[in-house]
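Shown next, in structure tokens, is the structure this report addresses.
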């Protein structure tokens with residue numbers, strides 16, 4: 001289930017690497033959301049997901065944790081999936097680019113995860129129904145999008161929202177799965193929902209904060225399916241696994257499957273922390289993200305950080321705890337917030353797939369550097385983070401980095417470069433923020449960081 005996470009521009013941290021080339025100039029595009037020119041296929045080109053970086057031993061542990069427990073903490077007793085070809089159809093108020101993004105996702109699933117899936121009807125069916133966000137929130141307030149077993153429509157779900165047939169712990173053979181997604185979201189949010197929910201319909205159902213290189217992580221740093229995600233879905237659908245297996249039976253077969261599908265994962269990886277996540281930490285994080293005001297959010301973020309410290313974590317959960325504590329810190333805690341973010345960056349830098357969450361942190365630092373007129377640092381940070389944002393197809397992050405960079409260039413007197421970069425940022429901003437007006441609002445927010 002995908003939740004909403006908006007990262008403000010308020011704080012940042014420093015961590016620089018050799019600067020890669022900036023995003024290249026592109027031809028002007030049609031900026032109407034009705035046009036396929038604003039799709040991820042046109043903006044980002046051929047998919048270039050980062051390959052899985054965790055060891056096979058760790059991925060095997062991840063798959064058990066992802067596949068045999070729900071986000072609520074309830075255990076799933078038996079292995080479940082579709083058997084045979086899968087059809088996917090779109091219903092409801094399908095957004096203008098819904099079909100374009102769906103077809104691109106299907107092509108990736110067929111090519112990277114080797115899933116026999118295509119648009120249309122089949123005995124095994126994924127139904128993606130687009131519903132107005134307000135209607136979704138009345139039924140499931142905390143979700144940006146979600147999946148349900150054994151129903152084929154939103155109306156069928158609404159007629160019996162607590163029926164036993166909706167209990168994932170009772171499902172063994174998946175035959176019909178409903179993906180519910182907002183019809184009135186940005187293109188990026190719609191794409192993100194399609195990626196995570198369709199992948200979970202085909203594979204494991206859980207999300208884990210400790211896996212940084214996956215969309216199956218409610219920190220929402222990853223927005224499109226990664227190489228890790230595609231490998232997990234492929235393993236889940238491998239013929240060596242059988243319906244109804246226990247977690248122990250699946251675990252016995254995973255090493256051989258992973259050795260066959262991911263030989264590069266045989267090498268030892270960095271030490272990873274498989275310790276379970278206390279429910280209290282997850283609740284503190286989720287409550288902080290949904291808190292009504294910054295003071296309450298900071299209190300909850302500090303609670304999460306305290307739990308992470310007592311657990312002696314050194315993984316993504318500690319990094320995200322530090323990130324949230326810094327994000328919601330009051331202005332009087334600026335120095336401590338910067339120290340927390342520095343620690344978070346150091347952790348992400350050591351973790352498999354950490355370059356992407358680190359890029360988000362570098363965006364925050366670039367905003368802080370811009371506000372303090374450290375323009376050379378803005379250029380270094382944005383050049384380091386922009387390739388990660390482009391490769392992971394994150395229009396929100398990429399356009400923000402480009403606009404931060406453009407503002408620094410303007411302040412340095414490099415006006416022509418700044419104007420060109422702002423033009424290049426527009427389609428990514430429209431993809432991510434939803435409209436020209438929203439894109440202009442983001443540009444104004446960034447400009448306000450350096451106004452007298």
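Looking at segment 126-144, can you tell me whether even one residue there is out of contact with any strand residue (DSSP E or B) (no Cβ under 7 Å at 6 or more places or on another chain) and buried (at least 20 other Cβ atoms within 10 Å of the Cβ)? Scanning segment 126-144 turns up no residue that is out of contact with any strand residue (DSSP E or B) (no Cβ under 7 Å at 6 or more places or on another chain) and buried (at least 20 other Cβ atoms within 10 Å of the Cβ).
Any chance you could count how many residues in segment 369-387 are within 25 Å of the chain's Cα centre (by Cα) and either under 16 Å from residue 425 (Cβ atoms) or crowded, with 24+ Cβ neighbours inside 10 Å (or both)?
Keep residues of segment 369-387 that are within 25 Å of the chain's Cα centre (by Cα), which gives 378, 380-387.
After this cut, where a residue has to be either under 16 Å from residue 425 (Cβ atoms) or crowded, with 24+ Cβ neighbours inside 10 Å (or both) as well, the list is 378, 381-383, 385-387.
Adding up the residues that qualify gives 7.
Taking segment 28-115 and the helices (runs of 4 or more DSSP H) fully enclosed by it, the elements with 3 or more residues that are crowded, with 18+ Cβ neighbours inside 10 Å and either modelled with pLDDT of 95 or more or more than 23 Å from the chain's Cα centre (by Cα) (or both) are at 56-67, 98-112. Taking segment 116-147 as the range and being within 22 Å of the chain's Cα centre (by Cα) and part of a loop (DSSP other than H, G, I, E, B) as the test, the residues that pass are 132, 140, 141, 142, 143, 144.
From the residues in segment 405-442 that are free of Cβ contacts under 8 Å to residues at least 12 places away in the same chain and not in a helix (DSSP H, G or I), which one is surrounded by the most Cβ atoms within 10 Å (Cβ to Cβ)? Looking at residues that are free of Cβ contacts under 8 Å to residues at least 12 places away in the same chain and not in a helix (DSSP H, G or I), I get 414.
Taking residue 445 as the residue in question, decide whether it is farther than 30 Å from residue 227 by Cβ, part of a helix (DSSP H, G or I), without any contact (Cβ under 8 Å) to a residue 12 or more places away in the chain and out of contact with any strand residue (DSSP E or B) (no Cβ under 7 Å at 6 or more places or on another chain). No: the conditions fail for residue 445.
In the condition set (1) within 12 Å of residue 183 (Cα to Cα); (2) over 24 Å from the mean Cα position of the chain (by Cα); (3) free of Cβ contacts under 8 Å to residues at least 24 places away in the same chain, residue 155 is compliant with all but (1). Those helices (runs of 4 or more DSSP H) of segment 157-271 in which at least 2 residues are touching a strand residue (DSSP E or B) at 6+ places or on another chain (Cβ under 9 Å) and crowded, with 22+ Cβ neighbours inside 10 Å, considering only elements entirely within it, cover 187-202. Taking the conditions (1) over 19 Å from residue 173 (Cα atoms); (2) in contact (Cβ under 8 Å) with a residue 40 or more places away in the chain; (3) assigned by TED's automatic domain parsing to the domain that holds residue 215 in turn, residue 72 satisfies each one other than (2).
Determine whether residue 324 is buried (at least 16 other Cβ atoms within 10 Å of the Cβ), in a helix (DSSP H, G or I) and touching a residue at least 24 places away in the same chain (Cβ under 8 Å). Taking the combined requirement at face value, the residue satisfies it. Does residue 329 count as touching a helix residue (DSSP H, G or I) at 6+ places or on another chain (Cβ under 7 Å) and either in a loop (DSSP other than H, G, I, E, B) or not assigned by TED's automatic domain parsing to the domain that holds residue 408 (or both)? Against the criterion (touching a helix residue (DSSP H, G or I) at 6+ places or on another chain (Cβ under 7 Å) and either in a loop (DSSP other than H, G, I, E, B) or not assigned by TED's automatic domain parsing to the domain that holds residue 408 (or both)), residue 329 qualifies. The set of residues in segment 349-363 that are part of a helix (DSSP H, G or I) and out of contact with any helix residue (DSSP H, G or I) (no Cβ under 7 Å at 6 or more places or on another chain) contains only 350.
Quick one: is residue 308 buried (at least 18 other Cβ atoms within 10 Å of the Cβ) and assigned to a helix (DSSP H, G or I)?
yes
The values are calculated or read from the model by the stated rules, or taken from the named source; none is laboratory data. In this text the structure is predicted, and so the values were computed from the model without any measurement. All Cβ positions, even for glycine, are placed from backbone atoms using ideal geometry, and neighbour counts span all protein chains on display.
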